[in-house]
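Note sheet for the following structure.
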Amino acid sequence: MKYVIGNWKSNQNLTESLIWIDGIHALKPKFPADIAIILCLPFTDIAAFNHKIADLNIPIITGAQDVSHLAPGKHTGEITANMLGELVSYCIVGHSERRRDFNETSQMVAEKAKLLLENSITPIVCLDLPYLDEQIKELFQNNIDVSRCFFVYEPIAAIGTGHPLDPVEANHTTNQIGFLLDNVAPVLYGGSVTADNVKSFVDQSRIDGVLVGTDSLEPTLFAGIINSLI
Ligand code: PGA
């Protein structure tokens with residue numbers, strides 16, 4: 001199984017997200033059975049998005065982009081894993097943008113992963129070299145079952161820059177990540193993935209799929225990525 005994960009980041013309000021579904025529906029991409037399509041949405045879009053894709057029978061699985069590191073309780077404004085459990089099957093944790101803008105630590109990411117797993121949500125753990133070893137160590141120290149997680153190698157220099165990493169070089173690092181995890185979990189690549197380059201990543205021996213930011217926002221570009229893998 002290969003995976004295409006979209007990450008809308010802080011884009012698309014509810015109305016725009018429903019228009020996006022209309023766009024995908026009109027394009028009718030093939031959705032091959034051996035490729036799982038996961039789309040990580042803003043919290044505010046998820047419930048209505050789920051209803052609409054179910055009505056239209058579109059085989060996209062939804063995910064969130066973050067979760068609180070705290071259990072339910074007196075934490076005004078936090079969205080807990082317990083809340084997300086009714087809405088999504090996946091959740092991104094530890095994206096470098098959250099480390100950069102919200103001072104997230106590897107310890108917090110491990111706490112988030114633990115709460116997600118307790119609520120039957122698969123954590124999609126983002127990794128880059130400055131904190132890659134530290135993050136994996138932290139997961140093990142918190143007794144996280146890494147075989148129930150997904151991992152994405154996301155070199156910061158490639159994120160949103162239009163300068164993807166060389167696929168062979170990316171494969172080298174995903175292979176190392178796989179080794180650190182005893183090869184029990186999928187390892188994906190993320191960073192400036194487009195319809196033109198997606199196959200060169202997914203065809204690598206140790207890249208199980210891609211995480212797509214910018215080109216997941218436009219139905220035409222996202223459908224183009226899916227179609228390129230058929
Ligand atoms: P990008 O984003 O596809 O725009 O490079 C990737 C990511 O940050 O997940």
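The values are calculated or read from the model by the stated rules, or taken from the named source; none is laboratory data. Since this is a predicted model, take the numbers as computed values, not measurements. Note that we place each Cβ from the backbone using ideal geometry, even for glycine, and neighbour counts take in every protein chain shown.
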Selected residue (criterion: farthest from S96 (Cα to Cα)) from residues of region 144-155 that are of a type outside the set (F, W, Y) and touching a Gly at 6+ places or on another chain (Cβ under 8 Å): V152
Among D66, D55, D34, the single one that is more than 16 Å from the ligand (Cβ to nearest atom) and under 30 Å from V184 (Cβ atoms) is D34
Name the pairs: first residue in region 193-216 and free of Cβ contacts under 8 Å to residues at least 60 places away in the same chain and more than 11 Å from the ligand (Cβ to nearest atom), second residue in a loop (DSSP other than H, G, I, E, B) and not acidic (D, E), Cβ to Cβ under 6 Å, at least 6 apart or on different chains? F201/I207
Restricting attention to region 1-54, which residues are of a type in the set (D, E, K, R) and closer than 20 Å to G213 by Cβ? K2, K9, E16, D45
Would you be able to tell me the number of residues in region 177-201 that are among the hydrophobic types (A, V, I, L, M, F, W, C), in contact with an Asp or Glu (Cβ under 8 Å, 6 or more places away or on another chain) and within 20 Å of I159 (Cα to Cα)? 4
Look at Q107 and say whether it is farther than 28 Å from V202 by Cβ and at pLDDT 95 or above. yes
Name the residue, out of E154, E134, E97, that is within 11 Å of the ligand (Cβ to nearest atom), touching a residue at least 12 places away in the same chain (Cβ under 8 Å) and within 20 Å of I177 (Cα to Cα). E154
Determine if region 165-181 includes at least one residue that is closer than 13 Å to V4 by Cα and free of Cβ contacts under 8 Å to residues at least 40 places away in the same chain. no
Can you find even one residue in region 167-181 that is in contact with a strand residue (DSSP E or B) (Cβ under 6 Å, 6 or more places away or on another chain) and closer than 20 Å to I24 by Cβ? no
Check whether at least one residue in region 174-188 is farther than 20 Å from A33 by Cβ and in contact with a Cys (Cβ under 7 Å, 6 or more places away or on another chain), and report yes or no. yes
Scanning region 112-131 for residues that are surrounded by fewer than 22 Cβ atoms within 10 Å (Cβ to Cβ) and closer than 24 Å to V88 by Cβ, which turns out nearest to the ligand (Cβ to nearest atom)? T122
So K30 fits all but one of (1) farther than 22 Å from S68 by Cβ; (2) under 17 Å from the mean Cα position of the chain (by Cα); what number is the exception? (2)
Restricting region 168-191 to residues that are surrounded by fewer than 14 Cβ atoms within 10 Å (Cβ to Cβ) and in a helix (DSSP H, G or I), the one nearest to the ligand (Cβ to nearest atom) turns out to be E169
